Amino acid sequence: MIKLHLPSRASLWCAVALSATVLGFGTATVWAEPDKTQTQVAHGANGALLPRDSKDAAVFRGGLVYANYCVTCHGINADGNGRAARLHTPRPANLRASDKNDAYIGLIVRKGGEPLGRSTGMPPWAEELTDEQIGDVVAFVRSVNAQSHSR
């Protein structure tokens with residue numbers, strides 16, 4: 001079950017739905033006021049709350065960040081086929097097939113593609129995202145990458 005109270009942004013609904021559905025979490029509850037989100041809570045498959053410092057909680061939070069910042073280019077399936085993908089040459093990376101390690105993924109998110117000799121279309125997010133959010137996005141990317149390799 002996904003429950004939202006006074007959502008301040010439509011993308012928040014998409015982020016919660018994406019995280020809960022793709023990652024198989026049972027429920028997510030988000031309370032939002034017009035200017036800020038107060039709480040984001042993820043429940044595991046057995047209904048228990050996820051500890052804040054757990055890997056599953058980082059993946060859940062990373063899914064929220066991904067849905068707000070990355071999905072437009074990288075797509076809802078993280079396959080590089082987002083709505084804006086056709087505007088970029090080269091196209092955004094297929095994160096499901098990435099062979100990069102966590103540190104490298106974090107650098108790309110933090111600094112953008114150009115400083116690392118990659119696409120100029122990948123913007124730097126260091127000024128927009130906190131270190132925790134970047135780490136959470138890396139955890140999310142790793143999780144979708146692991147899911148595609150386990151199939």
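The values are calculated or read from the model by the stated rules, or taken from the named source; none is laboratory data. Values in this document were obtained by computation on a predicted structure and should not be read as measured data. Note that each Cβ is placed from the backbone with ideal geometry, even for glycine, and that neighbours are counted across all protein chains shown.
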- prompt: Does residue 124 meet the test of being part of a loop (DSSP other than H, G, I, E, B), modelled with pLDDT of 95 or more and of a type outside the set (D, E, K, R)?
  reply: yes
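Table: residues versus (1) at negative phi; (2) out of contact with any strand residue (DSSP E or B) (no Cβ under 9 Å at 6 or more places or on another chain); (3) surrounded by 19 or more Cβ atoms within 10 Å (Cβ to Cβ); (4) aliphatic (A, V, I, L, M).
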| residue | (1), (2), (3), (4) |
| --- | --- |
| 69 | yes, yes, yes, no |
| 77 | yes, yes, no, no |
| 96 | yes, yes, yes, no |
| 102 | yes, yes, no, no |
| 110 | yes, yes, no, no |
| 114 | yes, yes, no, no |
| 129 | yes, yes, no, yes |
statement: All-but-one check, residue 145 against (1) assigned to a helix (DSSP H, G or I); (2) at pLDDT 95 or above; (3) in contact with a Ser or Thr (Cβ under 8 Å, 6 or more places away or on another chain); (4) not acidic (Asp, Glu), failing number (2)
